[in-house]
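Report on the structure given below.
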Amino acid sequence: MALLVKSNLQLRNALANLGDKVALVPTMGALHQGHISLIKLARSKVGEDGCVVVSDFVNPTQFNEEDDFSKYPRDIKSDFLVATTAGANILWTPGVKDIYPNSEIELIDAGYLGEVLEGKDRPGHFSGVVTVVSRLFELVMPKVAVFGQKDLQQVLVIKNFIRENKIPVNLAIAPTIREDSGVALSSRNNNLSENERDLARKIPIALAQGYDAAISGARIVDIREAVRDALTHPEIKIHYVELLNDQLETINNDHGWLLVAVSIGNTRLIDNSFIPLGIRN
Ligand code: PAF
């Protein structure tokens, strides 16, 4: 049976006696195909008799602009339908007081991993993310938590937080779901005009060119150049093209991540690809 759970008390009651059979999929709602794949991965981790909890909380501490926070889409009815159809047992929609009971919120520092790339343009964002995720872990105590590779920097920040604080949660990373065009699925894609959508197709193409260059032995500087070339267009603003390791530092003869962020019109899009072999600096 599927449950819509609101308060911490309801959550505690719903999870009583489940032991280590709980998987958590943290979300901010507005659930789409990408979230469905996270829910399915969560189910595969805890089995049919396990419990998949989808948290649905628009976290105020990770927004830089009050306006973005208040305009963030919220539709619990639709989220409940999407989550439970995908196989979740519980959609948990806590209030701000459930997550942050004290008026003074103590934020967790996300460190260097939270300051670079996306963190440069959104100061404090990853501190808000890691703070809320830590609270969700405390309240749900999942055996496994599922995040999407699409938000790679978020994954690395959380992975680091779990390791440093020895939190007994396994991370499961779900591969990026893509539209038929190859563009990574994101709720932000809805903000793109038809022309902008066409331009967005350059992102996966550029990543593929970078990948090919890496596989054929190119050096980092040339790989990045190949990606930039493929993205070059007067209507695309490139924020960064980087090739970095799990600590978001320069690669030295190691595998790594090709990370891209661009703006097309007013929409910022990110994507990434894993390069599995040693890359020459
Ligand atoms: O990826 C998201 O939707 C959010 O950053 C998360 C992990 C649910 C924390 O609010």
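The values are calculated or read from the model by the stated rules, or taken from the named source; none is laboratory data. Keep in mind that this is a model prediction, so the values were computed, not measured. Methodologically, a virtual Cβ is constructed for each residue, glycine included, from the backbone with ideal geometry; neighbour enumeration extends over all protein chains shown. Accessible surface is based on the protein model in full, side chains and every heavy atom, while ligands, DNA and RNA are left aside. Shrake-Rupley method; radii C 1.70, N 1.55, O 1.52, S 1.80 Å.
Couplings 3J(HN,Hα) of the range 59-72, computed from phi: 7, x, 6, 9, 9, 8, 10, 4, 4, 4, 5, 6, 8, 4 Hz, in residue order, whole Hz [Karplus 6.51 cos²θ - 1.76 cosθ + 1.60, θ = phi - 60°; x for Gly and Pro]. The simple spin-label model puts a point 7 Å past each Cα toward its Cβ; for residue 194 and residue 48 those points are separated by 4.6 nm. Working note: Karplus 6.51/-1.76/1.60 with θ = phi - 60° gives the range 198-213 the couplings 4, 5, 4, 5, 5, 5, x, 5, 5, 4, 5, 5, x, 4, 4, 4 Hz, where Gly and Pro are set to x. For the chain, the longest principal axis of the alpha carbon atoms and the long axis of helix 125-140 meet at an angle near 30°.
About the Cα centre of the range 98-215, what is the dipole size in debye to 20, counting +1 per Lys and Arg Cβ and -1 per Asp and Glu Cβ, all else neutral?
Numbers: 13 positive and 16 negative charges, 71 e Å.
Once rounded to the nearest 20, the dipole reads 340 debye.
If R0 is 22 Å, the Cβ-Cβ spacing of residue 266 and residue 116 corresponds to a FRET efficiency of close to 0.40.
Close amide H pairs (under 5 Å, H built 1.01 Å from N) link residue 148 with 174, residues at least 5 positions away or on another chain. If the chain linking residue 81 and residue 69 were pulled fully straight, counting 0.36 nm for each residue of separation and taking away their Cα-Cα distance, it would gain 2.0 nm.
So, for the chain, what is the accessible surface per residue at a probe of 1.4 Å, expressed in square angstrom? Intermediate values should be presented prior to the final figure.
Working: 13930 Å² over 281 residues.
Value for the chain: 50 Å² per residue.
Between helix 76-85 and the chain there is an angle of about 80 degrees, using the helix long axis and the longest principal axis of the Cα atoms. Taking label positions 7 Å along the Cα-Cβ direction at both residue 255 and residue 166, the computed distance is 2.8 nm, reported to one decimal.
Take the chain, connect every pair of alpha-carbon atoms lying under 10 Å apart with a spring to form a Gaussian network, then pick out the residue of 77, 237, 150 with the largest mean-square fluctuation. Residue with maximal mean-square fluctuation among 77, 237, 150: 77.
The HN-Hα couplings worked out from phi for the range 5-11 by the Karplus form 6.51 cos²θ - 1.76 cosθ + 1.60 (θ = phi - 60°) are 10, 10, 7, 5, 5, 4, 5 Hz, whole numbers, x standing for Gly and Pro. To the nearest ten degrees, helix 152-164 and the longest principal axis of the Cα atoms of the chain are 60 degrees apart. For the chain, lysine pairs separated by 8 or more sequence positions, or belonging to different chains, with Cα-Cα distances below 14 Å total 7.
Put simply, when 12-21, 132-141, 226-235, 152-161 are sorted by average Cβ atoms within 10 angstrom per residue, most first, you get 152-161, 132-141, 226-235, 12-21.
Per the 1.4 Å probe, what fraction of the accessible area of the range 141-281, in percent, lies on carbon and sulfur atoms?
Numbers: 3190 of 6950 Å².
Roughly 46 percent, rounded to a whole number.
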